[in-house]
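Engineer: Can you read through this structure? Questions will come right after.
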Amino acid sequence: MMLKNNSKIPLDKFIDKALYDKSKGYYTNKNPFGHQGDFITSPNVSVMFSEIVSIWLVAFWEKLGMPKKINIVELGAGNGEMMYQILKTVDNFKKFRSSSKFYISEKSSYLKKIQKKKIGKYNVKWIDNLNKISKCPSIFIANEFFDSLPIKQFIKTKNIWSERFICLKNNKLQFIDLKTKSSKIEKIINNKLPNKLNFIEHSPLAFKILKIISQIILKQNGGLLIIDYGYNSKKMFNTLQSVKKHKKNNFFENVYQSDITHMVNFNYYKKKIKDMKLDLLKLTTQREFLIKMGILERAEIISNKLSFSQKSDIYFRLKRLIDKKEMGSLFKVFFATKKENNFKLGF
Ligand SMILES: C[S@@+](CC[C@H](N)C(=O)[O-])C[C@H]1O[C@@H](n2cnc3c(N)ncnc32)[C@H](O)[C@@H]1O
């Protein structure tokens, strides 16, 4: 275990070690995607998902005035499936294809290897620093990226704020809330503490990354498309969870062998990104976005000449992506750009 008896560590540091420790971390050693793995993401449910994202990218590029150079940057590419399908799809849009430079920002060197095996033959660049991309308009895409970043939790009880830590006591991991100063939290969240909130979930890394992205968009133009497991409310909830083999896992069991995620609070993201001066912000459900972008028509076209069993396979995959009881409403699509771009397709 990462802790010595009677020692403690802030929640975000614990998550970072559990997921990304250089030798034992979950994402350092494992390909967690698919039926054999621990969870499945939309690009791995159906290629139609990435095809729709590709069409959206081409349409946004057109709205930006078809710049001769554009960066397409994927954050956290997992097993590389979405980028692979995007590269294949945009082959049908020659002008867009030849104007685009594709980048992946990926933290796990294990997953980077899997990605390179899959799409190494294409012209994709892997980067560690987002500021290294070419100086031209840039579209950032992130599917289930932000929910995998480490978070801090702050709790107010009887007007006193605490920060959540993990400690090891008698060889058992447990949560412990330690008193902290409001001014310390305000420095971390870069805002005054709202009176009405008694609970805050905040990822310092997410907002560090969002700051870099919004500065690039403000300077060079472009936008950010986030697709993630999340909710839209002023109130914040404790959404921390551990997942193993497609089921919820006790947070302190199977550390290093289970995924740790949280739900993105899009209301909070909207506020913070507005503070970063991006002023066209759109939010909808994965269902609405995919349907507005034509996924039903796409399914119709590709299933046209297929057998009944192939058709039903497409149907079940589509249902998984858009059904309100499945990924359709729990997953949200969020878009941030400059007002002057006036682009709302899919929202
Ligand atoms: C839940 S997976 C999603 C993968 C993929 N986007 C998909 O939908 O299948 C999260 C991905 O983000 C990567 N990741 C996490 N933190 C990162 C960071 N700080 N920088 C770059 N990649 C990161 C993980 O290694 C993993 O590839």
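Engineer: Scanning for something in a helix (DSSP H, G or I), in contact with a helix residue (DSSP H, G or I) (Cβ under 8 Å, 6 or more places away or on another chain) and farther than 30 Å from residue 153 by Cβ, does segment 23-46 turn up at least one residue?
Structural biologist: Among the residues of segment 23-46, at least one is in a helix (DSSP H, G or I), in contact with a helix residue (DSSP H, G or I) (Cβ under 8 Å, 6 or more places away or on another chain) and farther than 30 Å from residue 153 by Cβ, which makes the answer yes.
Engineer: Further, regarding this structure: Within segment 36-55, does at least one residue satisfy the condition of being away from the ligand (no atom under 16 Å from the Cβ) and more than 17 Å from the chain's Cα centre (by Cα)?
Structural biologist: For segment 36-55, residues away from the ligand (no atom under 16 Å from the Cβ) and more than 17 Å from the chain's Cα centre (by Cα): present.
Engineer: Still on this model: If I filter segment 59-71 for residues that are within 15 Å of the ligand (Cβ to nearest atom), under 30 Å from residue 347 (Cα atoms), polar (S, T, N, Q) and crowded, with 20+ Cβ neighbours inside 10 Å, do I get at least one hit?
Structural biologist: No; the residues of segment 59-71 include none that is within 15 Å of the ligand (Cβ to nearest atom), under 30 Å from residue 347 (Cα atoms), polar (S, T, N, Q) and crowded, with 20+ Cβ neighbours inside 10 Å.
Engineer: Need pairs with beta-carbon distance below 9 Å; first residue free of Cβ contacts under 8 Å to residues at least 40 places away in the same chain and within segment 105-121, second part of a helix (DSSP H, G or I) and more than 12 Å from the ligand (Cβ to nearest atom); sequence gap 6+ or separate chains.
Structural biologist: 119/87
Engineer: Can you tell me which residues in segment 1-59 are polar (S, T, N, Q) and touching a residue at least 60 places away in the same chain (Cβ under 8 Å)?
Structural biologist: Correct list: 5, 6, 7, 28, 29, 31, 41, 42, 46.
Engineer: Take residue 257 and tell me if it is crowded, with 17+ Cβ neighbours inside 10 Å and at pLDDT below 95.
Structural biologist: Answer is yes for this residue.
Engineer: Can you name the residue in segment 15-41 that is out of contact with any Phe, Trp or Tyr (no Cβ under 8 Å at 6 or more places or on another chain) and small (Gly, Ala, Ser) and is also farthest from residue 249 (Cα to Cα) among such residues?
Structural biologist: Step by step, filter segment 15-41, then rank; the result is 23.
Engineer: Same structure, new question: Restricting to strands (runs of 3 or more DSSP E) lying wholly in segment 78-178: which have 1 or more residues that are away from the ligand (no atom under 16 Å from the Cβ), among the hydrophobic types (A, V, I, L, M, F, W, C) and touching a helix residue (DSSP H, G or I) at 6+ places or on another chain (Cβ under 9 Å)?
Structural biologist: 152-157, 160-169
Engineer: Just the residues that are within 14 Å of residue 295 (Cβ to Cβ) and either outside any loop (DSSP other than H, G, I, E, B) or within 18 Å of the chain's Cα centre (by Cα) (or both), please, taken from segment 327-345.
Structural biologist: Of the residues in segment 327-345, the ones within 14 Å of residue 295 (Cβ to Cβ) are 327-328, 331, 333, 345.
Answer for segment 327-345, where residues must be within 14 Å of residue 295 (Cβ to Cβ) and either outside any loop (DSSP other than H, G, I, E, B) or within 18 Å of the chain's Cα centre (by Cα) (or both): 327, 328, 331, 333.
The values are calculated or read from the model by the stated rules, or taken from the named source; none is laboratory data. Remember, it's a predicted structure, so these values are computed and weren't measured experimentally. Note: ideal-geometry Cβ built from the backbone for every residue, glycine included; neighbour counts use all protein chains shown.
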